[in-house]
Amino acid sequence: MERETDVLILGACTAGLYFAGLMAKQGYRVLVMDRSPETDLGTRYDIIHIGKEHFARFGLPEPGPGDPDYVETFHRTVLRSALNRWPKNQNADILVLRRAPLMKRLAAWAREQGVELLFDTEFIEPRFDDAPCLSGAIFRHKGGELCVKARLTADASGIGAALRTKLPDGCGVENFITGPRDQFYVVLRYVKLAHPERDKPTCTQTWAYYKTWLAPRMNDSGAILGIGANLSLDYADKAWKRFEALGYLPEHEVEYIEQSGTPYRRPPYSFVADGFVALGDAACITNPWSGEGVPYAWLLCSIAAEEFGRVMKDGAYPTRGSSWGVNTRYQRSQGAEFAQNLAMLSGAVDCTPEENDYEFKHSIIFEDESEKGQHNLLLGLLGGLVTGGLSFRALRNLMGAAGIGSKILKHYRSYPENPVDFAGWAVQAERLWAQTGSMAALAERDMETM
Ligand SMILES: Cc1cc2nc3c(=O)[nH]c(=O)nc-3n(C[C@H](O)[C@H](O)[C@H](O)COP(=O)(O)OP(=O)(O)OC[C@H]3O[C@@H](n4cnc5c(N)ncnc54)[C@H](O)[C@@H]3O)c2cc1C
């Protein structure tokens with residue numbers, strides 16, 4: 001079977017559906033393929049947290065009380081030190097949502113814009129009619145092959161990046177596979193609280209040192225206990241047991257567990273190639289501090305829709321050069337901030353629980369909403385060294401992390417305006433990334449002590 005469309009999208013989830021709707025809204029013919037049946041859409045895990053502001057910001061209908069995807073809203077996130085002290089409040093309205101009905105909402109919104117969705121349709125390989133330019137993809141659908149010709153093909157197939165990883169070397173977008181060392185494994189324990197009247201969470205509490213959190217759930221007697229860990233689920237399990245033994249959590253009984261990986265590595269240097277764009281987890285744009293990906297997927301999708309909407313007018317084929325604005329706009333803004341954080345993290349967290357506690361006490365790295373901008377980082381660090389709150393090693397790690405982080409930030413802020421200057425920029429970026437530490441290596445070292 002042959003089909004032809006303007007925009008072909010692999011993956012009907014957070015990124016794919018949103019990009020699809022934005023392109024259809026501009027009058028393009030959009031076809032979205034997903035290998036799952038429609039009934040499985042968004043069922044990989046249940047509860048998801050998304051900042052309320054993002055719905056209005058990205059022009060999406062916001063779930064509210066009475067909607068099947070809405071659970072509740074909380075207004076505060078509290079960060080605590082490794083010794084469970086010095087709470088740092090961050091105020092923002094966060095929606096607690098159910099992922100499957102949320103994806104239904106997105107799918108309905110995309111259809112309203114004119115998008116066609118095809119489920120039970122698995123990607124097989126990219127299609128190159130006028131090689132080397134990508135011209136669509138081939139799928140397996142109801143036992144037969146479906147060849148789709150498209151001017152733009154978007155990979156929004158999640159962490160597996162089914163299409164990006166099958167693009168030939170040198171096509172303009174890196175085709176790396178996001179393997180176990182490049183993932184952040186998230187394990188969510190849905191628990192029943194022994195004393196809900198006392199312990200039911202009204203906000204999310206996070207222990208950044210252990211990458212663990214306690215969050216509201218969709219019923220009065222429950223909570224979600226989460227951990228994120230680099231390297232493996234095995235490490236996540238061991239790290240969880242160690243955290244649990246500290247006794248910070250309310251008494252509870254585990255009802256069920258969900259676990260899955262999110263990308264934890266730098267994104268490809270370019271998201272676009274001739275006739276191609278990578279979006280969402282396929283583009284590895286999750287927040288390095290939290291593993292959250294939805295608002296950033298929507299941000300990249302909105303930039304991409306504006307750029308492709310413009311360059312594909314009058315039947316034009318979008319080339320790497322004509323769609324370069326996707327790279328420049330994302331990499332210089334959100335991309336630069338996440339690159340800095342990713343570069344800094346392994347150095348910033350490489351300290352003892354007591355040192356982390358000192359950092360909280362003196363608002364080094366972690367600040368309360370009311371303290372923003374009041375602390376001098378350098379003075380805090382030197383004070384730590386003088387009083388013994390921080391070892392020389394921890395200080396060196398922190399300073400090293402801050403140094404490489406700011407260099408990477410500056411480099412991404414000057415992301416090239418056009419592809420001509422890209423090769424030199426990428427070589428320098430490689431040099432900088434080679435100077436950063438690895439969270440997977442830290443996890444391996446920690447595993448040896450367990
Ligand atoms: C346990 C866990 C909790 C999380 N919690 C949050 C949170 O609270 N807030 C937040 O913002 N983020 C959270 N994230 C991250 C967030 O889930 C992802 O960043 C987001 O789902 C990425 O969306 P996506 O559309 O890029 O990919 P996905 O949601 O992975 O969707 C990819 C789609 O592509 C389809 N597909 C895959 N391969 C093929 C193929 N070969 N052919 C056809 N179709 C294919 C899949 O069926 C799927 O529907 C969490 C992640 C995990 C693992």
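Go through region 165-212 and report how many residues are without any contact (Cβ under 8 Å) to a residue 40 or more places away in the chain and in a strand (DSSP E or B). Looking only at that region, the number is 1.
For residue 215, indicate whether it is under 22 Å from residue 67 (Cβ atoms) and outside any loop (DSSP other than H, G, I, E, B). In short, yes.
Residues in region 159-195 that are of a type in the set (S, T, N, Q), within 11 Å of the ligand (Cβ to nearest atom) and over 15 Å from the mean Cα position of the chain (by Cα): 165 alone.
Take the residues of region 378-404 that are buried (at least 19 other Cβ atoms within 10 Å of the Cβ) and outside any helix (DSSP H, G or I): which is farthest from the chain's Cα centre (by Cα)? This residue is 389.
Counting only residues that are closer than 16 Å to residue 325 by Cβ and more than 16 Å from the ligand (Cβ to nearest atom), region 252-274 holds 5 of them.
Yes or no, residue by residue, for (1) crowded, with 17+ Cβ neighbours inside 10 Å; (2) modelled with pLDDT of 95 or more:
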site	(1), (2)
37	no, yes
46	yes, no
61	no, no
92	no, no
103	yes, yes
107	yes, yes
119	yes, yes
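Regarding residue 297, is this residue more than 16 Å from the chain's Cα centre (by Cα), crowded, with 18+ Cβ neighbours inside 10 Å and aliphatic (A, V, I, L, M)? Judged against the criteria, residue 297 is not a match. The strands (runs of 3 or more DSSP E) found wholly in region 3-119 and carrying at least 2 residues that are within 13 Å of the ligand (Cβ to nearest atom) and β-branched (Val, Ile, Thr) occupy 47-51, 70-80, 88-98.
Restricting region 292-321 to residues that are within 11 Å of the ligand (Cβ to nearest atom) and in contact with an Asp or Glu (Cβ under 9 Å, 6 or more places away or on another chain), the residue that is nearest to residue 423 (Cα to Cα) is 297. Filtering region 213-272 down to residues that are in contact with a strand residue (DSSP E or B) (Cβ under 7 Å, 6 or more places away or on another chain) and within 30 Å of residue 414 (Cβ to Cβ), which residue is modelled with the lowest pLDDT? Applying the filter and picking the extreme gives 230. Filtering 441, 434, 423, 429 for residues that are small (Gly, Ala, Ser) and in contact with a His (Cβ under 8 Å, 6 or more places away or on another chain) leaves a single hit, 429.
Being more than 19 Å from the chain's Cα centre (by Cα), within 14 Å of the ligand (Cβ to nearest atom) and at negative phi holds for only one residue in 289, 240, 324, 213, and it is 240.
For (1) basic (Lys, Arg); (2) surrounded by fewer than 18 Cβ atoms within 10 Å (Cβ to Cβ); (3) under 30 Å from residue 44 (Cα atoms), each residue gets a yes or a no:
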residue: 272; (1), (2), (3): no, no, yes
residue: 280; (1), (2), (3): no, no, yes
residue: 287; (1), (2), (3): no, no, yes
residue: 328; (1), (2), (3): no, yes, no
residue: 332; (1), (2), (3): yes, yes, no
residue: 337; (1), (2), (3): no, yes, yes
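Among residues of region 233-256 that are free of Cβ contacts under 8 Å to residues at least 60 places away in the same chain and surrounded by 11 or more Cβ atoms within 10 Å (Cβ to Cβ), those with a Cβ under 6 angstrom from a residue that is of a type in the set (Asp, Glu) and in a helix (DSSP H, G or I), sequence gap 6+ or separate chain, pair up as 250/199. Is it the case, given these coordinates, that residue 72 is charged (D, E, K, R) and within 18 Å of residue 295 (Cβ to Cβ)? For residue 72, the condition - charged (D, E, K, R) and within 18 Å of residue 295 (Cβ to Cβ) - is not met. Within region 120-147, being among the aliphatic types (A, V, I, L, M) and either more than 12 Å from the ligand (Cβ to nearest atom) or part of a loop (DSSP other than H, G, I, E, B) (or both) holds for 131, 134. With respect to being at pLDDT below 95 and more than 15 Å from the ligand (Cβ to nearest atom), residue 341 fits the description.
All of 249, 279 fail the test of being away from the ligand (no atom under 14 Å from the Cβ) and out of contact with any Pro (no Cβ under 9 Å at 6 or more places or on another chain), apart from 249.
The values are calculated or read from the model by the stated rules, or taken from the named source; none is laboratory data. Here the structure is a predicted model, which means the values were calculated and not measured. Please note: Cβ atoms are built from the backbone with ideal geometry, for glycine as well, and neighbour counts cover all protein chains shown.
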